[in-house]
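Q: I am attaching a structure below and will ask some questions about it afterwards.
Each reported figure results from applying straightforward, stated rules to the coordinates on display, with no laboratory input. What you see is a predicted model, and the numbers here were worked out from it, not measured in a lab. Reconstructed Cβ throughout: ideal geometry from the backbone, glycine too, with neighbour counts over all protein chains shown.
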Amino acid sequence: MSKDREYILDQFIRERWSNRFTYDTYKHIASYYIDEIPLNGKRLLDIGCGNGLMLSANCVIAKPKLAVGLDNYQGEGSPISDYNFANKVQAALSLPYLKLVLGDAFGLPFHKESFDMIYISHCLHHIYESTVRLGRAEESSTKNLTALLRDIYTTLSENGVLVVAEVPRYSIMRIGRLFGLLKDTDFKTKQEPRDWICALEKVGFKSFKVKYHTPYPLRRFTWLLSNRMGRYILCGQYYILAYKK
């Protein structure tokens, strides 16, 4: 049955991304945190789950006890069509513990310590959109972000982990804009890992791990590319694992 679900999810991923990505691509992304966080039998919340494909992949790979996707489906990255698509994926996979919640990240509608892992991918830069580095920002301009991070901290269990996926502010990819590439990416509103870590420390998170993404086709060379130059050239995103303890 597990293989059947992998095949079903692979078909949805190919449909959504026109064969640019596959189930194996999503497994590669998940390896950056699932190898560190045993999700089997745990409770997972995906904030800003969008089309639900990463949430579904986490379920098929790690088999959590409960998996909830939350999104208001009102943003550019999560239109209402993504809600319909995510529901279609959920129905096809037939996982009783996988649920979608139509709602806002502000004032999370969950009890204290409801989840063991919270995953938030490419969403935080929509909360703090300023071109000012977070570490230099006035406290008043980070009010919404701080409120959200406090909610996340409270919603996590005592041994819970937050996984943040974001785009770096500085990488060679910025040069792509000079050639008409990545026009929709404003790197000046992105933050470096240390910026997010400082914000997370303020709400109580105690320890952190940062992992830089190696593109799936180059995954076998991660050991060679995991250095400052490799990260600068190749890193389209990074992952922060933030622990409450």
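Q: What is the set of long-range amide H partners of Glu192 at a cut-off below 5 Å, with H atoms built 1.01 Å from backbone N?
A: Arg169
Q: Expressed as a whole number of Å, what is the distance separating the alpha-carbon centroids of region 12-56 and region 192-245?
A: 17
Q: A further question on this structure: Given Lys88/Lys190; Lys65/Lys211; Lys112/Lys209; Lys188/Lys211; Lys143/Lys206; Lys112/Lys188, which pairs have Cα atoms separated by over 29 Å? Intermediate values should be presented prior to the final figure.
A: Details: Lys88/Lys190 32 Å; Lys65/Lys211 26 Å; Lys112/Lys209 24 Å; Lys188/Lys211 21 Å; Lys143/Lys206 21 Å; Lys112/Lys188 35 Å.
With Cα atoms farther than 29 Å apart: Lys88/Lys190; Lys112/Lys188.
Q: When Lys244, Lys188 are ordered from fewest to most other Cβ atoms inside 10 Å of their Cβ, what list results? Don't skip to the end; give the middle numbers.
A: Values: Lys244 16, Lys188 11.
Fewest-to-most ranking of Lys244, Lys188: Lys188, Lys244.
Q: Could you estimate the translational diffusion coefficient of region 173-245 from the Stokes-Einstein equation, with Rh from the Kirkwood formula over C-alpha pairs, at 10 °C and 1.306 mPa s, in whole µm²/s? Write down the numbers at each step before the final one.
A: Numbers: Rh = 14.1 Å.
Rounded, D is 113 µm²/s.
Q: Same structure again: What ranking do Thr185, Thr131 get, fewest neighbouring Cβ atoms within 10 angstrom at the top? All intermediate terms of the calculation are to be shown ahead of the outcome.
A: Numbers: Thr185 15, Thr131 10.
In order of increasing Cβ crowding within 10 Å: Thr131, Thr185.
Q: A follow-up question, please. Of Met117, Met229, Met54, how do they rank once you tally other Cβ atoms within 10 Å and put the fewest first? Each step should come with its number before you reach the end.
A: Values: Met117 25, Met229 9, Met54 19.
Ascending Cβ contact count within 10 Å gives the list Met229, Met54, Met117.
Q: Provide the percentage of antiparallel DSSP beta bridges, counting only those with both residues in region 24-243; round to the nearest 5.
A: The antiparallel fraction comes to roughly 40 percent.
Q: For the chain, what does the helix formula give at 222 nm: sum of -39500 (n - 2.57) over DSSP H segments with n ≥ 4, over the residue count, nearest 500 deg cm²/dmol? Mind dumping the intermediate values first?
A: On the way: 9 runs with 90 residues, N = 245.
When only DSSP H runs of four or more count, the value is -11000 deg cm²/dmol.
Q: Once you order the gyration tensor axes a ≥ b ≥ c over the Cα atoms, which shape class does region 1-44 get: rounded for a/c under 1.5, otherwise prolate or oblate by comparing a/b with b/c?
A: Oblate, since a/c reaches 1.5 and b/c is not below a/b.
Q: If only Cα atoms are counted, what is the Rg of region 24-243, and what is its Dmax, in Å?
A: 17.0, 48
Q: Further question: Give the share of C-alpha pairs in each 5 angstrom bin for region 85-197, from 0 to the last occupied bin, in whole percents, shortest bins first.
A: 2, 10, 16, 18, 17, 14, 12, 8, 3, 1
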